[in-house]
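The values are calculated or read from the model by the stated rules, or taken from the named source; none is laboratory data. In this text the structure is predicted, and so the values were computed from the model without any measurement. Ideal geometry is used to build each Cβ from the backbone, glycine not excepted, and the neighbour counts take in all protein chains shown.
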Amino acid sequence: MPDFRAHCSPAEREPLEILLSFEESHHLVIVNRANRGDTVVAFDGRGTEWICELADDNRTRVVLKVRFAQKAKPLPFEITLGQALPKGPHMETIVRKATELGVARIVPLESERTQVRLDRDRSDKKVEKWHTAALEAAKQCGNPWLPEIAPVQTADNFIESARGYDLKLIASLQPGAKPLKSVLAAYQLTNQRAPKKVLWLIGPEGDFTPAELSRAQSCGFEPITLGPLVLRCETAAIYAVSVLSHELQG
């Protein structure tokens, strides 16, 4: 894979040249030190990549000359991560790692035990920051698909409105939570195929409350154990998505 990647939104379907934004131009030329003649992969975050040559290395308006385009094959499954907001910078870490793991959608949630409460203005700024984190992660790992990052919403509203999934899972510390393997095996036995669209719900520090867990179960969520140890929420998110992705690829 070439060393240089840049995000773009070309106005044409089959562009001969691509003009990068100021931010992308600066990052490519100043931060990554790309030079005229270098190969650059421009991608739109929706699976299309253009293999280009850096034709004009102006640090404020890079021009890429398109050699050819290619469409990346999507993963055979879609994972949505519903993540209760953690304290500090951990949500940004979760977004980065989820992007590297190919998550299709990330939904930030305010739950009963969430200590972070955002007003509309702060919420919009946070979502914009998480978009930037996802973009940086996609460039670093070569993922041509950017995850959708939904607006912050309450866990209750999301739990009650979550539809269209083959499986809805909620990480749980409560007795009776099942291993992921057994739930996936039961689904495959019943449906004669692996699930295509899966939702993972990960709680905050201290987990979801019993009331939230009960509400989720009544809405069709399966409580899943992540093992005998109590994981921090950012560890739980990365672990849960990694294991699920591995099982769905198998």
Of the conditions (1) farther than 24 Å from LYS168 by Cα; (2) surrounded by fewer than 17 Cβ atoms within 10 Å (Cβ to Cβ), ARG105 satisfies every one except a single condition; which number is it? (1)
Of the conditions (1) touching a residue at least 40 places away in the same chain (Cβ under 8 Å); (2) closer than 13 Å to GLU92 by Cα, the single one that VAL152 does not satisfy is (2)
Please identify the pairs in which a residue from segment 181-209 that is assigned by TED's automatic domain parsing to the domain that holds PRO147 has its Cβ atom under 7 Å from the Cβ atom of a residue that is of a type in the set (Gly, Ala, Ser) and in a loop (DSSP other than H, G, I, E, B), counting only partners at least 6 apart or on another chain. GLN188/ALA194; LYS197/GLY164; LEU199/ALA162; GLY203/SER111; PRO204/SER111; PHE208/SER111
Across (1) surrounded by fewer than 19 Cβ atoms within 10 Å (Cβ to Cβ); (2) assigned to a loop (DSSP other than H, G, I, E, B), LYS65 clears everything bar (2)
Return the residues of segment 229-244 that are among the hydrophobic types (A, V, I, L, M, F, W, C) and either in contact with a strand residue (DSSP E or B) (Cβ under 9 Å, 6 or more places away or on another chain) or closer than 19 Å to PRO89 by Cβ (or both); say none if nothing qualifies. LEU231, CYS233, ALA236, ALA237, ILE238, ALA240, VAL241, LEU244
For segment 87-99, indicate whether the set of residues that are farther than 30 Å from ALA171 by Cβ, among the basic types (Lys, Arg) and not in a strand (DSSP E or B) is non-empty. no
Sort out which residues of segment 136-174 are crowded, with 20+ Cβ neighbours inside 10 Å and hydroxyl-bearing (Ser, Thr, Tyr), and write them in order of number. SER172
Which numbered condition in (1) modelled with pLDDT of 95 or more; (2) under 30 Å from ALA162 (Cβ atoms); (3) in contact with a helix residue (DSSP H, G or I) (Cβ under 7 Å, 6 or more places away or on another chain) is the only one that ALA6 fails? (2)
State yes or no: is SER123 free of Cβ contacts under 8 Å to residues at least 40 places away in the same chain, more than 15 Å from the chain's Cα centre (by Cα) and in the same structural domain as LYS197 (by TED's automatic domain parsing)? yes
